[in-house]
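The values are calculated or read from the model by the stated rules, or taken from the named source; none is laboratory data. None of the values given here were measured: they were computed from a predicted structure. Neighbour counts are summed over all protein chains in view; Cβ atoms, including those assigned to glycine, are modelled from backbone coordinates with ideal geometry.
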Amino acid sequence: MIKKIFSGVQPTGNLHLGNYLGAIKNFVKLNNNKDNECIFCVVDLHAITTKQDPKELKRNIRETAATFIACGIDPKKSIIFNQSMVPAHAEGAWIFSCVSRIGWLNRMTQFKEKAGKDKEKASVGLYSYPVLMAADILLYDATHVPVGEDQKQHLELCRDIAQKFNNEFIKDNFLRIPEPLIQKEFSRIMSLKDGKKKMSKSDPSDLSRINLSDDKDQILNKIKKAKTDTLPIPNSHQDLKNRPEAENLLGIYASLIDKDLNYSIDEFKNKNFSEFKDKLSEVAIEKIAPISKEIKKLLNDEKYLDEILKDGSNKAQEISSKKIKEIKEIIGF
Ligand code: AMP
Ligand code: TRP
């Protein structure tokens, strides 16, 4: 069976190692399998659910596309486009917001985290954000959606919306129920400064994350300053309990070299962190520095990036306009 892959990344700057290991690395693998049809979307409509500077947003849209390409997604094999160029996303989001229930959205933990204490001041868009995400996926009949662990609940909501639409209009299997593709290990990379907090674009401390645009010296410095504890590296997974920073760094190492956590524990058991950090820096630089260099190179060629996005948007438009037309007919428009 051909897998139809859809995923999105917000162009909100500071794409980091968590985005890479939790999501983009998997996008590249899926892109390289010729049995897959892949669509990777720069979700700029999602980005404006929080305040964005227009100039920076424009730059970040190009930078996200550049990051996809620099990490190894081939625009000849996969569709790369930005959401705002394709009107069906906004139309679909409205229609699905009338299918989705307020009670379902009230359960979304990401909204609670992002809105913080003053929920009244959050945008309506931030609240209905997962409905737009459902439209993204359902318009392309995606069968599989590769994401990090934090998006699991949004995907469950997408499945509920599709199911309810199909039931309500008695259209079995019209909207395809998508499967999440969440890696078993390393689907949640934590901050370098606090092993209990997710590595995040919006963390005020740049030392909390390795950005995909960081150069060799920045990576070295951030790993050197990464929080650890005073014990040596243990010799079993069990002994990593209550040592979130150690577990996270060993996980990052394993993921960078495509091994599992036990492999890195075995390699470094009973050693101290300075020795481990030297090796971690080496592999992180080996992986990230070429990506960072390529992003910078691509960003110097705005025309090329704009062409990729335009070409991708035309292809996405062709697919999604058919689906939204069918959706409208089913509804009675
Ligand atoms: P975002 O930057 O929020 O648009 O996220 C883009 C993709 O990266 C999504 O699939 C997220 O689940 C994933 N992601 C973001 N942060 C992390 C993290 N700290 N660990 C693993 N995956 C992440
Ligand atoms: N909400 C996702 C995130 O913040 C991004 C996203 C938007 C997405 N639309 C999507 C992911 C569709 C997968 C499929 O990470």
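Here are the numbers for the structure shown:
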| quantity | calculated |
| --- | --- |
| Verdict on E247 being under 29 Å from A70 (Cα atoms), modelled with pLDDT under 95 and touching a Gly at 6+ places or on another chain (Cβ under 8 Å) | no |
| Lone qualifier among L57, L45, L15 - being within 12 Å of ligand 2 (Cβ to nearest atom), under 24 Å from I210 (Cβ atoms) and in contact (Cβ under 8 Å) with a residue 40 or more places away in the chain | L15 |
| Residues that are in a helix (DSSP H, G or I), under 26 Å from A88 (Cα atoms) and within 19 Å of the chain's Cα centre (by Cα), drawn from the range 102-113 | Q110, F111 |
| Single residue of the range 134-160 satisfying the filter (near ligand 2 (Cβ under 9 Å from one of its atoms) and out of contact with any strand residue (DSSP E or B) (no Cβ under 7 Å at 6 or more places or on another chain)) that is nearest to S200 (Cα to Cα) | G148 |
| Residue in the range 192-199 that is within 15 Å of ligand 1 (Cβ to nearest atom) and within 22 Å of F40 (Cβ to Cβ) present | yes |
| Top-ranked residue in the range 128-170 [being charged (D, E, K, R) and closer than 20 Å to I48 by Cβ; ranked as modelled with the lowest pLDDT] | D150 |
| Selection status of I170, in a helix (DSSP H, G or I) and over 24 Å from F27 (Cα atoms) | no |
| All positions within the range 180-199 that are touching a helix residue (DSSP H, G or I) at 6+ places or on another chain (Cβ under 6 Å) and not in a loop (DSSP other than H, G, I, E, B) | P180, M190 |
| Residue match in the range 41-58 (condition: over 24 Å from E156 (Cα atoms), within 16 Å of ligand 1 (Cβ to nearest atom) and crowded, with 19+ Cβ neighbours inside 10 Å) | no |
| Yes/no for I79 being β-branched (V, I, T), surrounded by 20 or more Cβ atoms within 10 Å (Cβ to Cβ) and in the same structural domain as Q10 (by TED's automatic domain parsing) | yes |
| Checking Q163 against (1) in a loop (DSSP other than H, G, I, E, B); (2) closer than 23 Å to H89 by Cβ; (3) more than 13 Å from ligand 2 (Cβ to nearest atom); (4) not aromatic (F, W, Y), the condition it does not meet | (1) |
| Unique residue being surrounded by fewer than 24 Cβ atoms within 10 Å (Cβ to Cβ), within 13 Å of ligand 1 (Cβ to nearest atom), among the hydrophobic types (A, V, I, L, M, F, W, C) and assigned by TED's automatic domain parsing to the domain that holds K152 when the list is L15, L30 | L30 |
| Options G92, G125; residue that is modelled with pLDDT of 95 or more, of a type in the set (G, A, S) and away from ligand 1 (no atom under 16 Å from the Cβ) | G92 |
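Residues checked against (1) crowded, with 20+ Cβ neighbours inside 10 Å; (2) over 18 Å from S7 (Cβ atoms); (3) aromatic (F, W, Y); (4) in the same structural domain as T50 (by TED's automatic domain parsing):
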residue: F165; (1), (2), (3), (4): yes, yes, yes, yes
residue: F169; (1), (2), (3), (4): no, yes, yes, yes
residue: I182; (1), (2), (3), (4): no, no, no, yes
residue: L192; (1), (2), (3), (4): yes, yes, no, no
residue: K197; (1), (2), (3), (4): no, yes, no, no
residue: L212; (1), (2), (3), (4): yes, no, no, no
residue: K216; (1), (2), (3), (4): no, yes, no, no
residue: K222; (1), (2), (3), (4): yes, yes, no, no
